[in-house]
1. Name, by its number, the condition in (1) in a loop (DSSP other than H, G, I, E, B); (2) modelled with pLDDT under 85; (3) charged (D, E, K, R) that does not hold for residue 57.
2. Of the conditions (1) modelled with pLDDT of 90 or more; (2) aliphatic (A, V, I, L, M); (3) surrounded by fewer than 15 Cβ atoms within 10 Å (Cβ to Cβ), residue 5 clears all except one; give me its number.
3. Give segment 8-44 a look and list any residue that's within 17 Å of residue 60 (Cβ to Cβ) and either of a type in the set (Lys, Arg) or modelled with pLDDT of 65 or more (or both), or say none.
4. For residue 47, indicate whether it is at pLDDT 85 or above and either part of a strand (DSSP E or B) or surrounded by 13 or more Cβ atoms within 10 Å (Cβ to Cβ) (or both).
5. Please count how many residues of segment 60-95 are surrounded by fewer than 18 Cβ atoms within 10 Å (Cβ to Cβ), among the acidic types (Asp, Glu) and either modelled with pLDDT of 90 or more or closer than 16 Å to residue 49 by Cβ (or both).
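The values are calculated or read from the model by the stated rules, or taken from the named source; none is laboratory data. Please read these numbers as outputs of a predicted model, since none were measured by experiment. Every residue, glycine as well, gets a Cβ built from its backbone with ideal geometry; the counts of neighbours run over all protein chains shown.
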Amino acid sequence: MLVCAGAADAMRRDGHELVLVASSKSSGTSLVYDVCLGGASGRVVGRIYRVPISPQDRPWFWALSAAASPESTQRGYERTREDAMAAFKRAWQGA
């Protein structure tokens, strides 16, 4: 699983934990999360955020910025933050 900073579960690949951390880019009603490799202070490998303009009923955008394989799906829109986390996880594991 992808971890929200402070949560108990983790998503691992090659022994590295991926952690969802509130980004410094968050402001007001804009919710932006960095996905960091190796913990909250690790390298940012993606982002999950709520966008004001999106496909109907899918306001959460996710993007994998460090995919190992260019053929893998690297971004998308989902209904909830948890759905975006799950889609990010699938893309990460397939990369």
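1. (2)
2. The one condition residue 5 does not meet is (1).
3. 18, 20, 21, 22, 23, 25, 30, 31, 32, 33, 34, 35 - these are the residues of segment 8-44 that are within 17 Å of residue 60 (Cβ to Cβ) and either of a type in the set (Lys, Arg) or modelled with pLDDT of 65 or more (or both).
4. When the stated conditions are applied, residue 47 passes them.
5. Total meeting the criteria: 2.
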